[in-house]
Amino acid sequence: MKITIEWTYATPKKLKSLFKSEELTIQHALLLLEDIEKTGRVKQIELYDENGSTWTKKELSKWLKQSDTEISDVVAYFDGGFDLETHLSGVGAVIYYQQNKKQFRNRYNARLEELDSNNEAEYAAFYFLVQQLELLEITNCEVTFKGDSQVVINQLSGEWPCYDESFNKWLDKIEERLKALRIKPFYEAVGRKENTEADRLAEQALQGTPIESHMEIN
């Protein structure tokens with residue numbers, strides 16, 4: 001969550017001016033707010049988030065303490081692969097996040113049947129990733145999704161239209177789950193080199209090697 005501060009500053013000669021900060025993390029907003037208040041010349045202060053909801057200093061401090069135990073800073077990778085000979089698909093998902101001031105990485109994969117193409121495997125991989133977020137109880141937060149499938153990323157972000165009926169069904173399923181989880185998605189297309197972990201997981205799934213791991217990272 002980002003916070004914007006607006007405040008009215010008054011000089012000793014009662015000249016007033018309105019100032020507005022850039023969007024700040026809660027920690028930075030509270031530090032700046034404390035410094036502003038020390039001047040003794042602030043007549044009015046307003047704090048609000050990206051959605052326009054207003055907050056008090058006390059509410060932000062309380063939220064910050066509670067957020068230490070919640071999952072945050074979520075970055076999630078996906079990849080899917082399809083074998084033309086066997087008509088099997090492999091999907092991989094990697095989730096990075098912070099909790100209790102520690103960094104974690106979760107990795108998952110699965111082998112799927114009844115898909116028809118590599119593109120459909122990419123959609124299935126994204127949906128599989130969303131399912132893992134739900135199992136981790138990651139809700140009501142921002143998540144950055146990264147993958148090397150420009151088709152999936154650009155169609156989910158709305159930059160590209162989708163005319164394929166089967167792909168639209170996947171898009172609908174994904175968007176419904178994200179809405180139900182109250183996840184605010186950000187989409188980023190990356191090169192295959194940056195998506196190596198998810199790609200490897202999808203390959204291992206096709207080879208019949210299931211992976212599910214959870215680890216703390218530095």
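Any chance you could list P(r) for the stretch 155-218, counting all Cα-Cα pairs in 10 angstrom bins from zero, rounded to whole %?
Final binned percentages: 15, 29, 45, 10, 1.
Hey, which lysines would be in cross-link range of LYS193, C-alpha to C-alpha under 27 Å, not counting anything within fewer than 8 residues on its own chain?
LYS102, LYS146, LYS184
With charges only on Cβ, +1 for K and R and -1 for D and E, what is the dipole size of the chain about its Cα centre, in debye, rounded to 20? Walk me through the numbers on the way to the answer.
Working: 27 positive and 38 negative charges, 382 e Å.
Approximately 1840 debye in magnitude.
Among LEU112, LEU15, LEU30, which one shows the highest mean-square fluctuation when the chain is modelled as a Gaussian network with alpha-carbon springs under 10 Å?
Residue with maximal mean-square fluctuation among LEU112, LEU15, LEU30: LEU15.
In what order, largest first, do LYS173, LYS62 sit by accessible area if the probe radius is 1.4 Å? Show your work: numbers first, answer last.
Details: LYS173 80, LYS62 125 Å².
Correct descending sequence by accessible area is LYS62, LYS173.
May I ask you to derive the relative contact order of the chain, considering only C-alpha pairs under 8 Å and at least 6 residues apart, and to give it as an integer percent?
Computed over the chain, the figure is 21 percent.
Send over the per residue convex hull volume for the stretch 17-57, Cα only, as a whole number of Å³.
Roughly 78 Å³ of hull volume per residue.
If the chain were replaced by its equivalent ellipsoid, with semi-axes equal to the square roots of 5 times the Cα gyration tensor eigenvalues, what would those be, largest first, whole Å?
Rounded to whole Å, the semi-axes are 44, 19, 13.
Helix 118-135 versus the longest principal axis of the chain: what is the Cα-based angle in degrees, 0 to 90, to the nearest 10?
Approximately 50 degrees, to the nearest 10.
Reachable lysines from LYS13, Cα under 25 Å, same-chain residues fewer than 8 places away excluded?
LYS38, LYS43
The values are calculated or read from the model by the stated rules, or taken from the named source; none is laboratory data. Bear in mind that the values here come from a model prediction, so they are computed numbers and not experimental data. In this analysis, Cβ positions are derived from the backbone assuming ideal geometry, glycine residues included, and neighbour counts consider all displayed protein chains. Protein only, heavy atoms only, side chains kept; ligands, DNA and RNA dropped before computing areas. Shrake-Rupley method; radii C 1.70, N 1.55, O 1.52, S 1.80 Å.
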